[in-house]
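S.K.: Before anything else, here's the structure in question.
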Amino acid sequence: MAIDDELTKITGVMKNINLFKEGIANLDLNPRLRVYYDFEVFPLLGTLNDFENEAGNFGSGVNNIALILKKSQIEDQKDLVVDVINQSIDVYKELEGKIDVLIEIGKNT
């Protein structure tokens, strides 16, 4: 199922991002780098994690009620999951840019 593949991809990305976040949090960062991380990167990580959790919840819900609902209702739920996944992709793209800036700040300080 395509939704399961997307959820697996998002889960893998989230695991990698969480590992990255933990690694950065353990570094002895200079104040400029720490402030940028706290205000620009960390909120996006949280948002992406929330989207990933919601997409998983919606996907599981669709699977659990597929036998009860009409096909049009299942399509509505699927569309909701796809919308959450698309928003997650947008947040991920923004996060990539923020991480690039974070790396540049680290190189220049």
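The values are calculated or read from the model by the stated rules, or taken from the named source; none is laboratory data. Keep in mind it's a predicted model, so treat the numbers as computed, not measured. Virtual Cβ from ideal backbone geometry, glycine too; neighbours counted across all protein chains shown.
S.K.: With of a type in the set (S, T, Y), surrounded by 12 or more Cβ atoms within 10 Å (Cβ to Cβ) and either at pLDDT below 80 or outside any helix (DSSP H, G or I) (or both) as the only criterion, which of S72, S60 stands out?
M.R.: None of the other options fit; the residue is S60.
S.K.: Further question on the same structure: Looking at L29, L80, L102, can you tell me which residue is modelled with pLDDT of 80 or more and surrounded by 12 or more Cβ atoms within 10 Å (Cβ to Cβ)?
M.R.: L102 is the lone residue from the list that is modelled with pLDDT of 80 or more and surrounded by 12 or more Cβ atoms within 10 Å (Cβ to Cβ).
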